[in-house]
1. Is it the case that K252 is of a type in the set (K, R) and within 13 Å of L232 (Cβ to Cβ)?
2. Looking at (1) more than 19 Å from L183 (Cβ to Cβ); (2) at pLDDT 60 or above, which is the only condition L77 fails?
3. Q146 versus (1) exposed (fewer than 12 other Cβ atoms within 10 Å of the Cβ); (2) modelled with pLDDT of 85 or more; (3) closer than 24 Å to G189 by Cβ: which is the lone unmet condition?
4. Looking at A249 and the list (1) farther than 16 Å from V210 by Cα; (2) not in a loop (DSSP other than H, G, I, E, B), which single condition is not satisfied?
5. With respect to the numbered conditions (1) assigned to a helix (DSSP H, G or I); (2) more than 21 Å from the chain's Cα centre (by Cα); (3) crowded, with 20+ Cβ neighbours inside 10 Å; (4) at pLDDT below 90, which one is the sole condition not fulfilled by I112?
Amino acid sequence: MTPTEPTTPHRSGFACLVGRPNAGKSTLTNALVGEKVAIMSARPQTTRHTIRGIVHRPDAQLVLVDTPGLHRPRTLLGQRLNDLVRETLGEVDVIAFCLPADQKVGPGDRFIAAQLAALMPEPGTRSRRTVPVVAVVTKADLVDRQRLMEHLLSVDQLAAEHGREWTAIVPVSAKDGYQVDELEEVLVGLLPEGPELYPGGELTDEPEQVMVAELVREAALEGVRDELPHSLAVVVEEIVEREGSGDPATGKAPLLDVRVNLFVERESQKAIVIGRGGSRLRDVGTRARQGIERMLGARVYLDLHVKVAKDWQRDPKQLRKLGF
């Protein structure tokens, strides 16, 4: 009998990306997955749902959970988003704490570090109840080498302030790919042994309606002026194939009617979203439709409507209606 070669055990599990708003979590999720599964915007609090991006490898399957930014809440919506993050943290195998290199460690980072310290093992100890936390210094391309080294030291000190140590500290740039592969190796190495959790080729387990809503939100938030706060919610009413629009004989793809409502809190915000003569809403529709067609692999007629739901971020009934 010929001895068999030892095989590397397959690993699988969940990694949660956490950080204050606009720390680069969604961009990093997309860079790791290799496809756009999380929306990106320069505006804080862009992500409203946990988006699972799936990294497939022969030896591992890494499921990335991109959360809303953890922050000191000022509204009921903010509190519910924070609760969503905390629930997610208790269910994952490893946490990636994102801290942008172009911004000093601040009160928001310290608030999150204090939340994570309770989950981290004390130096030199092991416990089944703890979760490894990797500090990920994002946006490394935006600073020079000296500034990056100073920031890495500050991040290291942040854990020490709570009597803890990061499992690892990894500087990355999702924009140019710097050390993205290295971060993937670190996260995979912290996963338990296990089989594939999702079929090969599947990049996210989010329903199509959620992904469509996220793409519309991204397009609507892009380029808005400061007078439009983050009081924009998107609800997909329906995605239906238009009868007789496709022709299998000729290979003509069907046309999907996608009807979407955008909710703001005040009439003045509605005017901003729509723009002069509807120009801005048309631009939002054009950009969102292109992303939706790529995702669904079909032609799309996107029907957008802007509605006012007064003070919905503070109204429990409105929050439930809008899916929060």
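1. Taking the combined requirement at face value, the residue does not satisfy it.
2. Among (1) more than 19 Å from L183 (Cβ to Cβ); (2) at pLDDT 60 or above, L77 violates only (2).
3. Only one criterion is unmet by Q146, namely (3).
4. (2)
5. Checking I112 against (1) assigned to a helix (DSSP H, G or I); (2) more than 21 Å from the chain's Cα centre (by Cα); (3) crowded, with 20+ Cβ neighbours inside 10 Å; (4) at pLDDT below 90, the one that fails is (2).
This table checks each residue for (1) within 18 Å of A233 (Cα to Cα); (2) in a helix (DSSP H, G or I); (3) touching a Gly at 6+ places or on another chain (Cβ under 6 Å).
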residue	(1), (2), (3)
D257	no, no, no
Q269	yes, yes, no
S279	no, yes, no
R287	yes, yes, no
I292	yes, yes, no
M295	no, yes, no
V300	no, no, no
H305	yes, no, no
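A quick yes/no check of all residues on (1) surrounded by 15 or more Cβ atoms within 10 Å (Cβ to Cβ); (2) modelled with pLDDT of 85 or more; (3) over 30 Å from D59 (Cα atoms):
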| position | (1), (2), (3) |
| --- | --- |
| T204 | yes, no, no |
| E222 | yes, no, yes |
| L228 | yes, no, yes |
| E237 | no, yes, yes |
| G246 | yes, no, yes |
| L255 | yes, yes, yes |
| V264 | yes, yes, yes |
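The values are calculated or read from the model by the stated rules, or taken from the named source; none is laboratory data. Quick caveat: nothing in here was measured; it's all calculated off a predicted structure. Reconstructed Cβ throughout: ideal geometry from the backbone, glycine too, with neighbour counts over all protein chains shown.
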